[in-house]
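I have placed the structure first, in the form of C-alpha cells, so that the comments after it can refer back to it.
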Amino acid sequence: QMRRHADTVVTCNEADREVFIRDGYPADRLWSIYGGVDLSVCDAVPEPSEKTYDAVYMARFHPQKGPLEAVQTWGHLLRRKPDARLAMIGNGPEEPAVRKWITDHGLGKNITLMGYMDGKAKYRVLKASRLFLHPAVYETGGMAAAEGMAAGLPVLAFDHRGYDYCYPKGMVRVAPVGDTGKLALAVEKLLSDEKEYERVKKEALELSRTWDWSSRSALLLE
C-alpha cells in the first residue's frame, strides 16, 4: 500500500528505513526522523546542590526495556559499592517482578521506585542523579536516553546497532546485551573516573541539543 500510494515515508529510526529500502521503496523518498525532547521543561529545572542518586532508570516496566536487568545490575554493583542508590521512574507489567526482586534481595534502601512521572517532577529526579541507566534488551532508538542526556547525564546501555544512528556519543555501550555483571562494572568505572565521566557528560549535553523539538520539526518541514 505504501509503495503504491505514499509519496514519502517518514520512519522513526534508520533501521526501519533500511527495511523499506530492502522492500523496494525508493530510498530518495524515505526519511528517518527521530522524536524529540522539550528542552524548555528540562532547562527550567535548576541543578540541585548535590546528587541524591548514583543512577536513574526511566522507562516502561516492560521486558523490552530491561527493568529486571536494571535491578540485577544494581545488585552486582552493590557488592563493590554498598551505598549506591538507584531511582526507577516508570510502571508497567514487570513492576510486580521488580518489587519482588528488590524485596527478596533486601535492597529497598538502595533502590527507590518512583512510579510514573512527567514534566518538571521527572527532571528533578533526573538532575538529582549522576548517570542514566538504560538496560533495554531490544531497542532501535527511543527517546528516554535523550531526556537523560538533556538533564546532563551520561548514559550506560547495552550495545544495540540502532544507537549507531541516534546516540553516536554521550553513551557508554556494553556487550553482550543482557550481561548485567559487565554493565555493573561499566557503571562502577564511570562513577569512579571523574575525567571520563565529565567527557561523556559533555557529549551527552551537546547531543541532547539536537533532540529539541524545534530541530526535529524543522527536519520534517524540510
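The values are calculated or read from the model by the stated rules, or taken from the named source; none is laboratory data. What you see is a predicted model; the values in this text were computed from it and never measured. Here the Cβ positions follow ideal geometry from the backbone for every residue, glycine too, while neighbour counts run over all protein chains shown. SASA here: full protein model, heavy atoms, side chains in, ligands and nucleic acids out. Shrake-Rupley method; radii C 1.70, N 1.55, O 1.52, S 1.80 Å.
A simple spin-label model places the labels of E18 and L185 2.8 nm from each other, with each point 7 Å out along Cα-to-Cβ.
Tell me which of P135, L107, V172 sits at the most positive position along the dipole axis of the chain, charges placed on C-beta atoms (Lys, Arg +1; Asp, Glu -1). Result: L107, furthest along the dipole toward the positive end.
Could you list the chymotrypsin sites (Phe, Trp or Tyr not before Pro) in segment 32-138 that lie in coil according to DSSP, counting only those with at most 15 other Cβ atoms within 10 Å of their Cβ? List each step's numbers first, then the result.
Working: sites: Y34, Y53, Y57, F61, W74, W101, Y116, Y123, F132, Y138; in loops: Y34, F61, Y116, Y138.
Listed in order of number, the matching sites are Y116, Y138.
Working out 0.36 nm times the residue gap between T8 and S49, then minus their Cα-Cα distance, what length gain in nm do you get to one decimal? Write out the running numbers ahead of the final one.
Values: separation 41, 0.36 × 41 = 14.76 nm, distance 4.84 nm.
Extra length from T8 to S49 when fully extended: 9.9 nm.
Of the residues A6, A55, L220, the one whose Cα sits farthest toward the positive end of the charge dipole of the chain, with +1 on the Cβ of Lys and Arg and -1 on the Cβ of Asp and Glu, is A55. Note on segment 1-51: percent of Cα-Cα distances in each 10 Å bin, starting at 0 and stopping at the bin with the largest distance, equals 22, 33, 15, 16, 12, 3.
Could you sort the peptides 10-17, 26-33 by per-residue average Cβ neighbour count (10 Å cutoff), highest mean leading? Before the final figure, lay out the partial values.
Numbers: 10-17: 17.2, 26-33: 13.2.
My ranking of the peptides, most packed first, is 10-17, 26-33.
Once the Cα atoms are used to define both axes, helix 67-78 deviates from the longest principal axis of the chain by about 40 degrees.
For segment 86-171, the alpha-carbon radius of gyration amounts to 1.15 times the rule-of-thumb value 2.2 N^0.38 Å expected for a compact globular protein.
Counted over all Cα-Cα pairs of the chain, pairs farther apart than 29 Å make up 28 percent. Pairwise inverse Cα distances across segment 1-105, averaged and inverted, put the Kirkwood hydrodynamic radius at 17.7 Å.
Carbon-plus-sulfur accessible fraction, segment 88-222 (probe radius 1.4 Å, protein heavy atoms only): 55%.
Residues of segment 121-149 falling in the label zone of Q64, defined by backbone nitrogen less than 13 Å from a point 7 Å along Cα to beta-carbon, are 136-144. Against the chain, whose longest principal axis comes from its Cα atoms, helix 194-208 is set at around 30 degrees.
Find which of G181, W211, F20 sits farthest along the positive direction of the dipole of the chain, computed with +1 on the beta-carbon of Lys and Arg, -1 on that of Asp and Glu, about the Cα centre. Selected residue: G181. Surface exposure of segment 1-159, expressed per residue as accessible area with a 1.4 Å probe, stands at 47 Å². Dipole magnitude for segment 98-222: computed about the Cα centre from +1 point charges on Lys and Arg Cβ and -1 point charges on Asp and Glu Cβ, it is near 400 debye.
Is the C-alpha gyration tensor of segment 145-204 telling us rounded, prolate or oblate? Criteria: a/c under 1.5 is rounded; beyond that, a/b larger than b/c is prolate, otherwise oblate.
Working: a/c = 2.03, a/b = 1.07, b/c = 1.90.
Because a/c hits 1.5 or more and a/b fails to exceed b/c, segment 145-204 counts as oblate.
For the chain, the longest principal axis of the alpha carbon atoms and the long axis of helix 95-104 meet at an angle near 20°. Each Lys and Arg adds +1 at its Cβ and each Asp and Glu adds -1 at its Cβ; summed about the Cα centre, the chain shows a dipole of about 440 debye.
For the chain, the relative contact order comes to 23 percent (Cα pairs under 8 Å, sequence separation of at least 6). Over the chain, dividing the summed -39,500 (n - 2.57) contributions of all DSSP H runs of at least 4 residues by the number of residues returns a 222 nm mean residue ellipticity of -12000 deg cm²/dmol.
The calculated pair-distance distribution of segment 115-222 uses every alpha carbon pair, bins of 10 angstrom beginning at 0, and gives 15, 45, 34, 6, 0 percent.
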